[in-house]
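Undergrad: Before we start, here is the structure in question, set down as structure tokens.
The values are calculated or read from the model by the stated rules, or taken from the named source; none is laboratory data. Computed from a prediction, not measured in an experiment: that's the story for all the values here. Here the Cβ is made from the backbone with ideal geometry for all residues, glycine too, and neighbour counts use every protein chain on show.
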Amino acid sequence: MIKMINICKTYNKNRRNEIKVLQSLSLTVEQGEMIAIIGPSGVGKSTLLHIIACIDSSDQGEYWMHDRLISGLSDKEYSKIRNKHVGIVLQDFALIEEYTVLQNVMTPLMFGKRIRRRIMKERAQAALENVGISELLKQHVWSLSGGQKQRTAIARAIINEPKLILADEPTGALDEKTTDDIMQLFTKLNQVGHTIIIITHDPVVAKSCDRVLFMRDGVLYNEI
Amino acid sequence: MACIKIALRFLLKSLILSIIMMMQLSITIILANFLLGKYNALSDVLRITDNFSGYDTYMYMPASFVFNSDSRNDNLEHLLNKYKSEIIFEQSVGGFYQANNGTEYEVYALGDTTSRTLTDSTINGKWYADAECLYVPCVTYQDHDLGDIISLVMDNHVIEFQVVGTVSRRANILKFHAASNKPVLEHMFANNGENSPYSLLLFNQADIPYEFDIIADNSALVYFNTNDDVIREKIIQEFRNIAWFVQLEDARIESEDQFAIHLKTLTPMIVSIFLVGLISMLCLTVLNSIRHMRIVSIYYIVGMSWASHFGSFIIYMLLQIVGVCLLIGTFLFFNKILNIIPMELVMLNESNINITIVITIATIAIALLAQIYMRKKETPVKYIKESW
Ligand SMILES: Nc1ncnc2c1ncn2[C@@H]1O[C@H](COP(=O)(O)OP(=O)(O)OP(=O)(O)O)[C@@H](O)[C@H]1O
Ligand SMILES: [Mg+2]
């Protein structure tokens, strides 16, 4: 499903503070996998995730998704992929606090094909049911607990039914109990067919994944 | 579609900031136009003197302001009789009359030489031309067609005028500044200007067969038709003994000086209003884009492209321009009723359109550049990396 070949990413290129983050990194992800990426802080995990998510682009290398070459596509194509083909979940949720849960979950629908508001609502409700917080839809995000916020973010990530879900330390801001719940949710989503890549520091989280990759010196190693 | 929605959300999210931005642009535009309008009105008086450049023209104003053609003082009559062949003395007379159809006219009868010399740019017909016989040719203000007949009862005579020319604005007729001790020129219609409820009607005194005898203007124009410098000096001296008597050219120079003083105070005002406007627009835009950065980044994550992000910003700007137009419209409406900024002696012309365009474009350009700079400096990608 994903094939990355010799991906390189350097920050502040040709300046004194140049940082080579990814150095000829290669990665293959099959459909239906649930992968954890671990590694020391500042090694470039988030950078890799942003490249996979089409938030950022690599300097060199090839990135294929569903046999389509992603590297070098336009801003518009990138935004389409972010909108339709990947769901992104971040540590601090990246929700609009003053909006309701429903409004937040519906935001991706603003940028896709035009659909009726009624259908938008139905789809948002379905996504919220999927993550188990359908009763909260009218609540404002600021009034939610951390776990509820993360569920809202996950609902937003799956509303367009992307094959791929990317999560950058999704449990980093949550307690143990909530972490368990969220991981169960990810496992459930994985079982219904979503491919999931999770970046984490938490060994418990890594354990519940099929495959664990360890990142060091800008490349990935298989964890045995 | 998404762009419009996002633009509206931005507008609503920072409604107060947006309103401040719109108010500040509106105030800049209104004040700049007001000041420029004053400037226009001042400079327009000087423009009219160009007509007289080929004539040996003097301005006369009696030392006492209470003056009527009935009570012309004996000294003046004496001088006029004495120098009948050397000078032409012309005093405009005027009054207010109602036509059959109810329209009220402010009528000015100009002296023969004056009416031929004082040509103003007409939008239709000529400043002064022949009418069909029976009719008195006249020049009117805007809302008349060439050939229209206007009949007025003046001094128990019915006089039928025919419109031979229309002017786009109230004409300037030269006179002294009534309250100045310097020979400064001013508008004849200084007190009611463009907003006068009266329509204007100008004609040549020589075109009606009897002495038209109502209110005479204070000042008069005197044309010399002698080449004898000694006599000329003598006449000037004698006139100066009974009244202010100034060569038109001197009055013009004096007016220009006064005008330059006005300009000296107006220019810094316009420029500083403009600069303050630009700087505050700059700050507000930066503030606004910082405020919006979080939402923009979230939209970016869920699929907004850079292009539609920028598009939404442009629409946001356009919405603000619409807001500015509404604000200015509202202001003009209330200004008519409440007279917040008095519009007398304010002349609006093409330069006002130009300055409005310049201010608007400069402000938009500044906002746009600030926005582009901010977006380059702090892209959603950067924001995402730093924040989440
Ligand atoms: N926009 C940027 N400009 C310059 N350097 C950056 C930028 N983003 C990240 N870096 C640097 O790149 C390196 C990798 O960053 P990244 O966020 O990918 O690490 P990480 O593995 O996710 O770390 P953490 O576990 O702390 O989240 C770090 O040294 C970071 O300082
Ligand atoms: Mg990270």
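Undergrad: Working carefully through the options A:VAL43, A:VAL21, find the one that is over 30 Å from B:GLY311 (Cβ atoms) and part of a strand (DSSP E or B).
TA: A:VAL21
Undergrad: Looking only at the range A:96-115, which residues are within 7 Å of chain B (Cβ to nearest Cβ) and either modelled with pLDDT of 95 or more or crowded, with 18+ Cβ neighbours inside 10 Å (or both)?
TA: Result: A:ILE96, A:THR107, A:PRO108, A:MET110, A:PHE111.
Undergrad: Looking only at the range B:364-388, filter to residues that are touching a residue at least 12 places away in the same chain (Cβ under 8 Å) and more than 14 Å from every other protein chain (Cβ to nearest Cβ); which one of those is nearest to A:ILE199 (Cα to Cα)?
TA: Only one residue tops the list, namely B:GLU378.
Undergrad: Quick check on the range A:57-76. Is at least one of its residues in a helix (DSSP H, G or I) and either in contact with a strand residue (DSSP E or B) (Cβ under 7 Å, 6 or more places away or on another chain) or away from ligand 2 (no atom under 16 Å from the Cβ) (or both)?
TA: So far as the range A:57-76 goes, yes, one or more of its residues are in a helix (DSSP H, G or I) and either in contact with a strand residue (DSSP E or B) (Cβ under 7 Å, 6 or more places away or on another chain) or away from ligand 2 (no atom under 16 Å from the Cβ) (or both).
Undergrad: So, one more: Among B:ARG375, B:ARG291, which is closer than 22 Å to B:LEU12 by Cβ and within 16 Å of ligand 1 (Cβ to nearest atom)?
TA: Testing whether each residue is closer than 22 Å to B:LEU12 by Cβ and within 16 Å of ligand 1 (Cβ to nearest atom) leaves just B:ARG375.
Undergrad: Given the residues A:LYS149, A:LYS138, which is the only one that is surrounded by fewer than 16 Cβ atoms within 10 Å (Cβ to Cβ), more than 20 Å from A:LEU49 (Cα to Cα) and in contact with a helix residue (DSSP H, G or I) (Cβ under 9 Å, 6 or more places away or on another chain)?
TA: A:LYS138
Undergrad: Considering only the range B:349-361, I want to know if a residue exists there that is β-branched (Val, Ile, Thr), touching a residue at least 12 places away in the same chain (Cβ under 8 Å) and within 14 Å of another protein chain (Cβ to nearest Cβ).
TA: So far as the range B:349-361 goes, no, none of its residues is β-branched (Val, Ile, Thr), touching a residue at least 12 places away in the same chain (Cβ under 8 Å) and within 14 Å of another protein chain (Cβ to nearest Cβ).
Undergrad: Tally up the residues in the range B:193-225 that are crowded, with 16+ Cβ neighbours inside 10 Å, closer than 12 Å to B:TYR141 by Cβ and at pLDDT below 75, please.
TA: So the answer is 2.
Undergrad: So for the range A:41-50 (the condition being under 27 Å from A:THR187 (Cβ atoms) and away from ligand 2 (no atom under 11 Å from the Cβ)), does at least one residue qualify?
TA: There is no residue in the range A:41-50 that is under 27 Å from A:THR187 (Cβ atoms) and away from ligand 2 (no atom under 11 Å from the Cβ).
Undergrad: Here's something else I'd like to know. Give me a count of the residues in the range A:156-183 that are touching a Gly at 6+ places or on another chain (Cβ under 8 Å), aliphatic (A, V, I, L, M) and in a helix (DSSP H, G or I).
TA: Matching residues across the range A:156-183 total 3.
Undergrad: Regarding the range B:34-45, can at least one residue be identified that is closer than 30 Å to B:PRO197 by Cβ, surrounded by fewer than 19 Cβ atoms within 10 Å (Cβ to Cβ) and among the charged types (D, E, K, R)?
TA: yes
Undergrad: Step by step: first the residues of the range A:34-72, then only those that are among the β-branched types (Val, Ile, Thr) and within 16 Å of ligand 1 (Cβ to nearest atom), then the one that is nearest to B:VAL302 (Cα to Cα). Which residue is that?
TA: A:ILE55
Undergrad: Could you please find all residues in the range A:59-86 being more than 9 Å from chain B (Cβ to nearest Cβ) and surrounded by 23 or more Cβ atoms within 10 Å (Cβ to Cβ)?
TA: Of everything in the range A:59-86, just one residue is more than 9 Å from chain B (Cβ to nearest Cβ) and surrounded by 23 or more Cβ atoms within 10 Å (Cβ to Cβ), namely A:VAL86.
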